[in-house]
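In what follows, a structure is listed as structure tokens, so that the remarks can point back to it.
We did not get these values from a lab; they are worked out from the coordinates using the rules stated. Because the structure is a prediction, the values reported are computed rather than measured. No Cβ is skipped: glycine too gets one built from the backbone with ideal geometry, and neighbour counts run over all protein chains shown.
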Amino acid sequence: MILVTTPAKVETFAEFLHPHEHEPGTVEYSIREVDDRDPNVFPGPPSDAFGVRFYDVICVNVTRGAKTYTCQSGRFNYSKGTHFYTGNVIAQDKIDDHGPTLVPGIANVVLRMTMKDKGWSHVIHCWGLVVPFDPTRDTAP
């Protein structure tokens, strides 16, 4: 016999974006349960986080025999976009191949061609990373 022992509860999580500690140029994630989706309300983000996005899960405790299990849904209700704490947004159509370098270590022509090949109209440069940025969904400082 299976018995649900707690009412279903919706929990909200913040997923923080960090530069990967051991693989430069890649993004790493950490997750924390939060009470509010406003990035300015919950306790401070991890010190190396450059962005955050949110999602919900449903949790319920179920008892079968003498054992109790916590069951969790998949992620749903994702935030509209990513809130970036820091960074410089770069539009592909504003890159001058022969102008000042926009991202240290990457030639402007390489940056522009990479963005074009990947279908990115905008990127954000933060903490040494270049990450896709959607100006219709994401927010930046």
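What the table below lists for this structure:
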quantity: Of the trypsin sites (Lys or Arg not before Pro) in segment 57-141, those whose Cβ has at most 13 other Cβ within 10 Å and which sit in DSSP loop; calculated: Arg75, Lys80, Arg137
quantity: Alpha-carbon centroid distance for the pair segment 66-93 / segment 2-32, whole angstrom; calculated: 8 Å
quantity: For Leu129, residues with placed amide H under 5 Å, excluding near neighbours; calculated: none
quantity: Value of relative contact order over segment 1-62, rounded to a whole percent, pairs C-alpha under 8 Å and six or more apart; calculated: 51 percent
quantity: Label-to-label distance, nm, for residues given as His22 and Trp127 (7 Å Cα→Cβ offset); calculated: 1.7 nm
quantity: Helical mean residue ellipticity (222 nm; -39500 (n - 2.57) per DSSP H run of 4+; nearest 500) of the chain; calculated: -2500 deg cm²/dmol
quantity: Cβ-Cβ FRET estimate between Phe13 and Lys94, R0 fixed at 30 Å, reported to 0.05; calculated: 0.30
quantity: Residue with peak Gaussian network fluctuation, the chain [Cα springs, cutoff 10 Å], from Ala66, Ala49, Ala107; calculated: Ala66
quantity: For segment 2-84, projected area of the alpha-carbon convex hull averaged over all directions, nm²; calculated: 7.3 nm²
quantity: Cross-link partners of Lys9 among aspartates and glutamates (Cα-Cα below 12 Å; sequence separation of 8 or more within a chain); calculated: Asp56
quantity: Near-label residues of segment 19-37 by backbone N, under 20 Å of a point 7 Å along Cα→Cβ of Ile106; calculated: 19-29
quantity: Convex hull volume per residue in cubic angstrom - Cα atoms of segment 88-132; calculated: 63 Å³
quantity: Nearby lysines by direct alpha-carbon distance to Lys116 (threshold 30 angstrom, same-chain neighbours under 8 apart not counted); calculated: Lys80, Lys94
quantity: Surrounding net charge for Pro43, when Lys and Arg each add one and Asp and Glu each subtract one, Cβ distance under 13 Å; calculated: -3
quantity: Segment 15-61: C-alpha gyration tensor shape, a/c 1.5 cut-off, then a/b vs b/c; calculated: oblate
quantity: Inter-site label distance for Arg137 and Lys116 at 7 Å from Cα along Cβ, in nm; calculated: 2.5 nm
quantity: Fully extended contour minus Cα-Cα distance, from Arg32 to Asn61, at 0.36 nm per residue; calculated: 8.4 nm
